[in-house]
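The values are calculated or read from the model by the stated rules, or taken from the named source; none is laboratory data. Just so it is clear, the structure is predicted and the values come from calculations on it, not from any experiment. Reconstructed Cβ throughout: ideal geometry from the backbone, glycine too, with neighbour counts over all protein chains shown.
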Amino acid sequence: MKQLKDNVYYTGVLDAELEYFDVIFETEAGTSYNSYLVRGEKNAVIDSVKAGFSEEFLTKIENITPLESIDYIVMNHTEPDHSGSLKAFLEKAPNAKVVTSRFAANLLKEILNEDIECMIVGDGDVLDLGGKTLSFVSAPFLHWPDTQFTYLKEDKILFPCDLFGCHYGNKDYLDFKSGKDTLRHFQQVYLDGIMNPFKNYAIDGIEKIKDLDIEMIAPSHGPILTEDIDDTITWYKKWAEQSLKKNEPKVVYVHYVSCYGYTAMLAEKIGEGIESTGLKANVVDIGTLPIDHVVKAAEKADGLALGSPTINRDVLEPIWEVTLGLSPYTSRGKNAAVFGSFGWSGEACKYLEERLTNLGFQVVGSTKTKMFPNEEALRAAYDLGVNLGNAVKA
């Protein structure tokens, strides 16, 4: 049993063996699913844990107080790593009422497959437990639309759900002793992998808590923070603001792969066309580059041109991987173009245009050449660059 403050307890679980979160997010040190118990005249649990850990979760609560004595369970977020044990909890704690946002309440009905009664809370709402007071802050899209923060006034604890958390499941996760640099590494990985599309919302959420007196941050994953609170909040805000900082001048990335130089020739001409409009063009053969670095650059760009030869009726893998790494949240409304070379079928441009359109890009055009580009093909590539540059400038 871990007591955080007087009548505030940790009731979460460790998942040290987890290697991947949400299928694609590699967790180099596992993770934890954090839950908390706050005891006043009434008792409230804050968040449940992932399915498969229900017994451990319920036992930790029972070691502190009978489950029948729980009056509320606050669900800051309904993603199954936090709501997976809710059904088992409610079966054992029949007196507990679910406290959550309106959006979360609708999701819980679908997760539990039953019409549960919820206490709906929003910005500024307060739940008096008798000697302990919980207040709520709406924080949508951090990183689901249902998310809220919970603040425990008397003990100055912020329960911010996934914000300020990280996937860290080493044994010291509750008494973190691995140093600030290690913590920042895991927080940065989490931000880049989970929160990256929602930087605007991170700024909004941090703005909402600026006047709270916070001595402890108790997130839903990873270490509980008791030191350098202001520094941590400032670091997160700078991450979001820096990521959203506008390019001056605007920059268009021309990312491509090329087997025999034909697609590369188009890329260079597209770059020349872009720069003729007064913008900066970064023309890069990404064939041997780390895809995550390429994706970060593409997300930061004001416009994007992607090029690939058609090989076996398809786009080459590195370019596909870039499109898989891009988010609809950060791509929506940006201008893009596609290009490539082919021998006999030429589907790559069509597939890239479809993918980029589905991501929310405004595709201004495409060009492709059959084998070695002649002067007409090179001129078409240059003109495509001009059109893309002008669209980005508009």
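Could you run through the range 234-268 and say how many residues are crowded, with 21+ Cβ neighbours inside 10 Å and on the phi > 0 side of the Ramachandran plot?
Residues flagged as crowded, with 21+ Cβ neighbours inside 10 Å and on the phi > 0 side of the Ramachandran plot within the range 234-268 amount to 0.
For the range 220-228, state whether one or more residues are more than 23 Å from Glu154 (Cα to Cα) and touching a helix residue (DSSP H, G or I) at 6+ places or on another chain (Cβ under 7 Å).
Taking every residue of the range 220-228 in turn, at least one turns out to be more than 23 Å from Glu154 (Cα to Cα) and touching a helix residue (DSSP H, G or I) at 6+ places or on another chain (Cβ under 7 Å).
Among the residues of the range 292-309, which ones are assigned to a helix (DSSP H, G or I), surrounded by 18 or more Cβ atoms within 10 Å (Cβ to Cβ) and of a type outside the set (Gly, Ala, Ser)?
Matches in the range 292-309: Val294, Val295, Glu299.
Can you report the number of residues in the range 174-201 which are part of a helix (DSSP H, G or I), more than 20 Å from the chain's Cα centre (by Cα) and in contact (Cβ under 8 Å) with a residue 12 or more places away in the chain?
Residues flagged as part of a helix (DSSP H, G or I), more than 20 Å from the chain's Cα centre (by Cα) and in contact (Cβ under 8 Å) with a residue 12 or more places away in the chain within the range 174-201 amount to 1.
So is Met216 in the same structural domain as His77 (by TED's automatic domain parsing), touching a residue at least 40 places away in the same chain (Cβ under 8 Å) and under 20 Å from Tyr329 (Cβ atoms) or not?
So Met216 does not fit the description; no.
When residues of the range 356-376 are filtered for being assigned to a helix (DSSP H, G or I) and surrounded by fewer than 21 Cβ atoms within 10 Å (Cβ to Cβ), how many remain?
Residues meeting the conditions: 5.
I want to confirm something. Restricting to the range 112-141 and keeping residues that are among the charged types (D, E, K, R) and at pLDDT below 95, which single residue is nearest to Glu154 (Cα to Cα)?
Per the stated criteria, the residue is Glu117.
If a residue must be surrounded by 18 or more Cβ atoms within 10 Å (Cβ to Cβ), over 25 Å from Glu41 (Cα atoms) and hydrophobic (A, V, I, L, M, F, W, C), how many such residues does the range 54-107 contain?
3
Determine, yes or no, whether Ile111 is in contact with a Leu (Cβ under 8 Å, 6 or more places away or on another chain), assigned by TED's automatic domain parsing to the domain that holds Lys153, part of a helix (DSSP H, G or I) and on the phi < 0 side of the Ramachandran plot.
So Ile111 fits the description; yes.
Which residues, taken from the range 245-291, are assigned to a helix (DSSP H, G or I) and over 16 Å from Phe372 (Cβ atoms)?
Scanning the range 245-291 gives Ile270, Gly271, Glu272, Gly273, Ile274, Glu275, Ile291.
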